[in-house]
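These notes are about the structure you will find just below.
The values are calculated or read from the model by the stated rules, or taken from the named source; none is laboratory data. Bear in mind that the values here come from a model prediction, so they are computed numbers and not experimental data. Using ideal geometry, Cβ is built from the backbone for each residue, glycine included, and neighbour counts are taken over all protein chains shown. When the accessible area is computed, the model is the full protein with side chains, heavy atoms only, and any ligands, DNA or RNA have been set aside. Shrake-Rupley method; radii C 1.70, N 1.55, O 1.52, S 1.80 Å.
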Amino acid sequence: MAKDLNKADYYDIYKPLLTEKQCVIMEMYYFSDLSLSEISEETGITRQAAFNCIKKSEERLEELEKALSLFKKREETKAVLEKLRLSISENNKEKALSLIDNLEKVI
């Protein structure tokens, strides 16, 4: 099963909205890089149950991001902040003020 690293980013944001079991298994899979067999051994569930839990968790994370767009907003905010830093370092007040206006729209 190929890992979509966006799911790990989504997990960081939406972790409180998953069950404890989902959190444990997602952390084993994404952050400890354990295989389904290793997760199965660690948790006492079948490989299929581990796979199903990961898929269900990933689907939930996708649903949450689609509904709330917190990851997208975070990335947009980072991009605007980087441009703002550059504008400030270049002493471009007009551009900096414009970027602050853009940032307010994102939040």
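Go through the stretch 40-59 residue by residue and tally those that are among the small types (Gly, Ala, Ser) and assigned to a loop (DSSP other than H, G, I, E, B). Give the steps one after another, and end with the answer.
Step one: filter the stretch 40-59 for residues among the small types (Gly, Ala, Ser), giving 40, 44, 49-50, 57.
Pick out the ones that are also assigned to a loop (DSSP other than H, G, I, E, B) and you get 44.
So the answer is 1.
Taking the stretch 66-98 only, how many residues are at pLDDT below 90, among the polar types (S, T, N, Q) and in a helix (DSSP H, G or I)?
3
Please determine whether any residue of the stretch 21-33 is of a type in the set (Gly, Ala, Ser) and either in contact (Cβ under 8 Å) with a residue 24 or more places away in the chain or in contact with a strand residue (DSSP E or B) (Cβ under 7 Å, 6 or more places away or on another chain) (or both). It would help to see each step written out before you state the result.
Kept after step one, since they are of a type in the set (Gly, Ala, Ser), are these residues of the stretch 21-33: 32.
In the following step, the residues that additionally are either in contact (Cβ under 8 Å) with a residue 24 or more places away in the chain or in contact with a strand residue (DSSP E or B) (Cβ under 7 Å, 6 or more places away or on another chain) (or both) were identified as none.
No - not one qualifying residue is present in the stretch 21-33.
What pairs can you find where one residue is in the stretch 76-95 and in contact (Cβ under 8 Å) with a residue 24 or more places away in the chain, the other is not polar (S, T, N, Q), and their Cβ atoms are less than 6 Å apart, with a gap of 6+ or different chains?
Listed pairs, sorted by first residue: Glu76/Val106; Thr77/Val106; Val80/Leu99; Val80/Leu103.
Would it be correct to say that Glu42 is at pLDDT 95 or above and open to solvent by less than 80 Å² (accessible area, probe 1.4 Å)? Lay out the reasoning, then the answer.
Values: at pLDDT 95 or above: yes; open to solvent by less than 80 Å² (accessible area, probe 1.4 Å): no.
Answer is no for this residue.
Please state which one of Phe51, Phe31 is of a type in the set (A, V, I, L, M, F, W, C) and over 28 Å from Arg74 (Cα atoms).
Values: Phe31 fails: over 28 Å from Arg74 (Cα atoms).
Going through Phe51, Phe31 in turn, the sole match is Phe51.
For the stretch 2-39, name all the residues that are farther than 17 Å from Leu70 by Cβ, polar (S, T, N, Q) and in a helix (DSSP H, G or I).
Gln22, Ser37
Here is a yes/no grid of residues against (1) in contact with a Phe, Trp or Tyr (Cβ under 7 Å, 6 or more places away or on another chain); (2) buried (at least 16 other Cβ atoms within 10 Å of the Cβ); (3) within 30 Å of Lys105 (Cβ to Cβ):
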| position | (1), (2), (3) |
| --- | --- |
| Pro16 | no, no, yes |
| Met26 | yes, yes, no |
| Tyr29 | no, yes, no |
| Arg60 | no, yes, yes |
| Leu84 | no, yes, yes |
